[in-house]
Amino acid sequence: MMRYLTPLFAFLVLAIFLFVGLSLNPRQVPSPLIDKPAPEFELYSLHEPEKIFSSKDNLGKVWLLNVWASWCVACRDEHPLLVEIARAGIVPVYGLNYKDENTTAKQWLKLYGDPYVASVVDPDGTVGIDYGVYGVPETYVIDKQGIIRHKQIGPVTVDSLQNKIIPLIMELQGQT
Amino acid sequence: MMTLIQCLLRRWLDKASIIIFCLGILLAYPILGWSEETYKEAIPVAEDPEIEKRMLALTEDLRCLVCQNESIADSRADFSNDIRRIIREQIKANKTDAEIVDFLVERYGDFVLYNPPMKATTVLLWFGPLIMFLIGALVLIKYLKGRRVQIEDVVLTDNDRKKVAALLDEKEITANVSEVEANNESLTQNFINKEQQNTSEVSTEEDKGKKI
């Protein structure tokens, strides 16, 4: 009996390890910034260069920080969803225009729609590095205390919005 | 022959003209006074060889999160360029290597390190291979011990030995059949010789008897 059970057991262990291991996405590196205060920044906004936006201004409300660029192809995929969120007024969306040219960025927003309350400009990606950005687009859910609660690596999808981001936002907005 | 020389000459002239053209541009460059804004300055590589050396030593043990299987030192990804720039800046700001690594781990997590620290979550990573080796060694020892017992268990009785001997003989006989057949002729020859010898011996005995 053991003669047959041992290989079966070994196979099952291997199968479980492979099943879990291969279903992990190596691109989804868990961010160490989750549940940590969002790095502070003061940057000028794309449309109003004279206006400085500080991340502290958003204390007291739940907001999304979406890292985007006009050169980023995947940003185009998620963009209609962001526009939809903004239109529905679910949560204020702020943009971090990452390593981009101001003129092309403005053109891009004209073409695809502008969901952002404000889009701040990070031309050399310094703030991006503070946020651990390594693949654009990335989206952060930041709570009323200014703490990062969720990081979406890669484009926001209908699935991730419905199952993770929007329920989380609702929960965070309910908190004081 | 002439055409070959002409051809080579023409080719050489082509090349020479390109070189002269390039030289001309280079020489004319400061005279024409093209402003620096018209071209993008190359990334300064080795401003300070000391900084560069430290930066390289650090980045060799750091993972590029975009290309994942390359170190930041090897990678040409935009991400790695940024990290190299940040590290250079921090070295200039007199940060220690540990401080720089901490800075990156704070932002990108342990995944950025090729040498992961010992933690509750990395215990399996550090000791997994050792555990696998021990399991393998235990299985091997158990298997070898089992085999030794198997070998010792077989004790031959006298009856068995006889059987074995009989089997071995049988085997020898069958194996020898062909040899026997091959040697048949020489054997019969020997036999005849022996017979002849015998008869001659007998005859000598008879002779002896007669003499007696």
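Only a single criterion out of (1) under 30 Å from B:GLY136 (Cα atoms); (2) touching a strand residue (DSSP E or B) at 6+ places or on another chain (Cβ under 6 Å) is not satisfied by A:LEU24, namely (2). Condition (residue is in a helix (DSSP H, G or I) and in contact (Cβ under 8 Å) with a residue 40 or more places away in the chain) applied to segment B:125-139: is it met by at least one residue? Within segment B:125-139 (the criterion being in a helix (DSSP H, G or I) and in contact (Cβ under 8 Å) with a residue 40 or more places away in the chain), the answer is no, since none of the residues qualifies. Residue count for segment A:146-157 satisfying the condition of being over 14 Å from A:PRO30 (Cβ atoms) and open to solvent by 20 Å² or more (accessible area, probe 1.4 Å): 3. Within the set B:ILE83, B:ILE135, the sole residue that is modelled with pLDDT of 90 or more and in contact with a Leu (Cβ under 8 Å, 6 or more places away or on another chain) turns out to be B:ILE83.
A search for C-beta distances below 7 Å between a residue of segment B:108-122 that is away from chain A (no Cβ under 12 Å) and any residue that is assigned to a helix (DSSP H, G or I) and open to solvent by less than 70 Å² (accessible area, probe 1.4 Å), counting only pairs 6+ apart in sequence or on different chains, returns B:PRO116/B:ASP110; B:PRO116/B:THR122; B:PRO117/B:ASP110. Considering B:PHE103, B:PHE127, the condition of being more than 14 Å from chain A (Cβ to nearest Cβ) and surrounded by 11 or more Cβ atoms within 10 Å (Cβ to Cβ) is satisfied by B:PHE127 alone. Please verify whether A:ASP143 is closer than 29 Å to B:LEU65 by Cα, in contact (Cβ under 8 Å) with a residue 12 or more places away in the chain, within 14 Å of chain B (Cβ to nearest Cβ) and surrounded by 14 or more Cβ atoms within 10 Å (Cβ to Cβ), treating the condition exactly as stated. Here the answer is no, as A:ASP143 does not meet what is asked. In this structure, does A:VAL20 turn out to be surrounded by fewer than 20 Cβ atoms within 10 Å (Cβ to Cβ) and free of Cβ contacts under 8 Å to residues at least 60 places away in the same chain? Criteria met by A:VAL20.
Listed residues A:ILE166, A:ILE129; which is in contact (Cβ under 8 Å) with a residue 40 or more places away in the chain, within 16 Å of the chain's Cα centre (by Cα) and either surrounded by fewer than 21 Cβ atoms within 10 Å (Cβ to Cβ) or within 14 Å of chain B (Cβ to nearest Cβ) (or both)? Steps first, please.
On the way: A:ILE129 fails: in contact (Cβ under 8 Å) with a residue 40 or more places away in the chain.
Among A:ILE166, A:ILE129, only A:ILE166 is in contact (Cβ under 8 Å) with a residue 40 or more places away in the chain, within 16 Å of the chain's Cα centre (by Cα) and either surrounded by fewer than 21 Cβ atoms within 10 Å (Cβ to Cβ) or within 14 Å of chain B (Cβ to nearest Cβ) (or both).
For the structure I just gave you, tell me whether B:LYS40 is out of contact with any Pro (no Cβ under 7 Å at 6 or more places or on another chain), modelled with pLDDT of 60 or more and exposed (fewer than 15 other Cβ atoms within 10 Å of the Cβ). Judged against the criteria, B:LYS40 is not a match. The number of residues in segment B:64-86 that are farther than 21 Å from A:ASP124 by Cα, of a type outside the set (Asp, Glu) and either within 14 Å of another protein chain (Cβ to nearest Cβ) or exposed (fewer than 15 other Cβ atoms within 10 Å of the Cβ) (or both) comes to 2. Listed here are the strands (runs of 3 or more DSSP E) enclosed by segment A:34-104 that have at least 2 residues being more than 14 Å from chain B (Cβ to nearest Cβ), open to solvent by less than 10 Å² (accessible area, probe 1.4 Å) and under 13 Å from A:GLU138 (Cβ atoms): A:63-68, A:93-98.
The values are calculated or read from the model by the stated rules, or taken from the named source; none is laboratory data. A quick note: this is a predicted structure, and the numbers were derived from the prediction, not measured. When we count neighbours, we look across all protein chains shown, and the Cβ atoms used for this are built from the backbone with ideal geometry, even at glycine. To get the accessible areas, we keep the full protein, side chains included, count just its heavy atoms, and leave off ligands, DNA and RNA. Shrake-Rupley method; radii C 1.70, N 1.55, O 1.52, S 1.80 Å.
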